[in-house]
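For reference, the structure is listed below as C-alpha cells.
Read the figures in this text as sums done on the coordinates, not as results from a lab. Computed from a prediction, not measured in an experiment: that's the story for all the values here. Every residue, glycine as well, gets a Cβ built from its backbone with ideal geometry; the counts of neighbours run over all protein chains shown.
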Amino acid sequence: DERVKVGHFYNSITGEDYGSALKVVVCHFDKMWYEWKPDQGGLAGRYPVGAFEVQGDKWTGMVNPATGNKVEEKYVYLLYLPEHPEAGLVVFASTGGNMKYLKSWNTQLTYLRTPGGRQAPIYAGIWSLTINKDVNKNNQPFYSLNDAGKSSIKFVEWVSKEVFEQAVLPARETASQA
C-alpha cells in the first residue's frame with residue numbers, strides 16, 4: 001500500500017512525493033472561501049471571496065445562511081516548482097494550521113526588494129518551504145510550515161531569466177485568463 005509519508009508535500013495529480021522541503025515560485029496568489037459541512041466535516045465547496053452573502057465575518061466566523069455551513073477564507077497559491085518542472089503548475093491551498101505562517105510569507109512577498117531597491121513582484125523569488133512537526137492549542141501534534149514557532153518559509157534566490165520566460169510568464173498569463 002503506497003501512501004504519502006506524514007509531513008511531506010504530495011502532488012495529488014501525479015502521485016509524486018516531494019519530501020518535507022520544496023522550492024517554489026509564486027506565480028499567482030488569491031483568497032478563496034471554503035465551505036465546510038458541520039455534520040460530516042467534509043468540504044462542501046470552494047468559491048471566490050464574496051460569491052454569496054454570509055452571516056458573520058472572517059474574524060469571528062462566517063456561515064452560509066443558505067446551508068448553515070461554516071465558511072473560511074483561505075489562501076491559494078499557483079506555484080511553479082523549479083526542481084520539478086515536469087509538474088507544471090501546482091495549486092497549494094492553505095490549511096488552518098498554516099495560516100499564520102502563510103500570513104508571514106505574504107508579508108515577505110510584499111516587502112521583498114530587488115537588488116536595486118525596488119519592490120519585487122511576487123514571482124521574482126524562489127522560496128523554500130519546509131514542513132515540520134507542530135502542536136495545536138490543545139497540544140495535539142500536526143505538521144505545518146513551522147520552524148520553532150516561526151515560519152519555515154525562506155527566500156532562496158532570484159528567479160533566473162530563463163525560468164521567468166519559460167515557466168513563470170506563461171503561468172501568469174494562464175492565471176490571468178483563469
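Within the chain, what's the longest run with no GluC sites (Glu not before Pro) in a DSSP loop and at most 13 other beta-carbon atoms within 10 Å? Give the range, please.
84-178
Using the structure shown, list the pairs from K74/K161; K31/K100; K23/K103 with a Cα-Cα distance above 25 Å, or answer none.
K74/K161
What aspartates and glutamates sit close enough to K70 to cross-link, taking a C-alpha to C-alpha distance under 18 Å and skipping anything fewer than 8 places away on the same chain?
Reachable aspartates and glutamates: E35, D39, E53, D57.
Straight-line reach from K58: which aspartates and glutamates fall under 12 Å, measuring Cα to Cα and dropping same-chain residues less than 8 apart?
E72, E73
Just one of (i) 35, 18, 14; (ii) 40, 26, 13; (iii) 28, 20, 18 is semi-axes √(5λ) of the Cα gyration tensor in Å calculated from these coordinates, so which is it?
(iii)
Once Lys and Arg get +1 and Asp and Glu get -1 on their Cβ, which of L79, A175, L145 lies farthest toward the positive end of the dipole of the chain?
Going by the Cα projections, it comes out as L145.
Work out, step by step, the length gained on full extension between M99 and K154: first 0.36 nm times the residue separation, then minus their alpha carbon distance; give nm to one decimal.
Gain on stretching M99 to K154: 18.2 nm.
Taking the Cα centre of the chain as origin and charging only Cβ (+1 Lys, Arg; -1 Asp, Glu), how large is the dipole, in debye to the nearest 20?
For the chain, the charge dipole is close to 660 debye.
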